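Okay, so here's the structure we're looking at.
Read the figures in this text as sums done on the coordinates, not as results from a lab. The structure displayed is predicted, hence computed values, not measured ones. Note that we place each Cβ from the backbone using ideal geometry, even for glycine, and neighbour counts take in every protein chain shown.
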Amino acid sequence: MEVGQIAAEESREKIKEVLSGADMIFITAGEGGGTGTGAAPVIAEIAKKDVGALTVAVVTKPFLFEGARRRVQAEEGIEKLKENVDTLIIIPNQRLMDVVKKDQTLLDAFKTADSVLGQGVQSISDLITIPGLVNVDFADVKSVMTNAGSALMGVGRASGEKRAIIAANAAISSPLLEISIDGAKGILFNIAGGERLTLSEINEASSIITQSADPDANIIFGTTIREDLGEDIQISVIAAGFDSIRHFNPVSGPSNFFKPTPAEPKPIVPETVPERTDPPKSSPAGKYKLQHDEVSIEDDLDIPTFLRNKY
């Protein structure tokens, strides 16, 4: 871990030069080893504080069989990373065991994870770059993801009579993600479909996505007509602003991909809330020119294949 950190520190100026000019930066890392765990926080600090970009980290946590030492290192790396990113998305590798079949090959198992991660990252880019009937721009993304902490991103696609309901549930309940949408204080989602996309379907999907959010959540909605989807409907969701990262214990047996992950119960703690004397101030959202770079940190099998190969 120290080796990765030292290497990144020594290359600080070069990293800053590479990232300079980007408005949004994705950092991907496999936590628990030396390279990703040590270098990712340094790169995140440069991206967010020096470059001033919206910084999103997508990291994996090690399998249980990799041992306690690696898990502890992963948690330490994640804590350091949280201090230097706007949004953090965590994928525990162990949750692959809940998704794949017992006879599924290792390569196919990783392809499953790749698909979820690839679609999630791509969905953020698509929200910004693809014009929509109800448009979402970079200012909207920033309003949800800036200093948001832990986050959920997902994509659901379905066809048939209940396609909107199925796609919405799939988008918010990926078994590979460590948190559910419950209690989110910021939600940005886009519904895409062909010309036969109906207002009723948009209403059904929107209700499922927003019903578990915080009552005062900042919700931003967009819709896109895409003939390439044919009879399918595709829903992209970004949810952020949770009170804390909620951990899940690995469970055995298959999971239902379309079944929402239940939120952990929170204890009710009485507290006195002082009255606000001055109304909160908000700054108007500006327009931004979008560029986004991805810094990919290779670390054994922890980092998804599609991110290793893409760059």
Report task. Apply 1/(1 + (r/R0)^6) to the Cβ-Cβ distance of D216 and S143, taking R0 = 22 Å, and write down the FRET efficiency to the nearest 0.05. Result -> 0.95
Report task. Go ahead and collect, in residue order, the members of segment 156-175 whose backbone nitrogen is under 15 Å from a label point 7 Å along the Cα-Cβ direction of L133. Result -> 164
Report summary line: Taking placed amide H atoms and a strict 5 Å upper bound, the residues 5 or more places from N218 or on another chain that come that close are G186, I187
**Report entry** Potential lengthening between D228 and E2 on full extension [0.36 nm per residue; Cα-Cα distance subtracted]
**Finding:** 76.6 nm
**Report entry** Table column - 3J(HN,Hα) (Hz), segment 165-180, Karplus curve with 6.51, -1.76, 1.60, x for Gly and Pro
**Finding:** 5, 5, 5, 5, 5, 5, 5, 9, 9, 4, x, 7, 8, 8, 10, 9
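How would S125, S150 line up from fewest to most surrounding beta-carbon atoms within 10 angstrom? Mind dumping the intermediate values first?
Details: S125 15, S150 22.
Ranking S125, S150 by Cβ neighbours within 10 Å, fewest first, gives S125, S150.
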**Report entry** Value of Rg/Rh across segment 16-153 [Cα atoms, Kirkwood radius]
**Finding:** 1.00
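Can you give the alpha-carbon Rg of segment 129-179 over 2.2 N^0.38 Å, where N counts its residues? Mind showing how you got there, number by number?
Details: Rg = 13.6 Å, N = 51, 2.2 N^0.38 = 9.8 Å.
Expressed relative to 2.2 N^0.38 Å, the Cα Rg reads 1.39.
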Query raised in the report: What are the ³J(HN,Hα) values, in whole Hz, obtained from phi via the Karplus relation 6.51 cos²θ - 1.76 cosθ + 1.60 with θ = phi - 60°, for each residue of segment 37-44 in sequence order, with x given for Gly and Pro?
Result: 5, x, 7, 4, x, 5, 5, 4
Query - Principal axis dimensions, segment 112-242 - Cα atoms, whole angstrom, descending - result: 37, 29, 29
Query raised in the report: Going from the alpha-carbon gyration tensor of segment 173-248, what semi-axes, largest first and in whole Å, does one get by taking the root of 5 times each eigenvalue?
Result: 26, 14, 9
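Equivalent-ellipsoid semi-axes (√(5λ), Cα gyration tensor) for segment 73-143, whole Å, largest first? Please report the intermediate quantities before stating the final value.
Working: eigenvalues 167, 90, 11 Å².
Values for segment 73-143, descending: 29, 21, 7 Å.
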Query raised in the report: Are there GluC sites (Glu not before Pro) in segment 66-151 that DSSP marks as loop and that have at most 15 other Cβ atoms within 10 Å, and which are they?
Result: E83
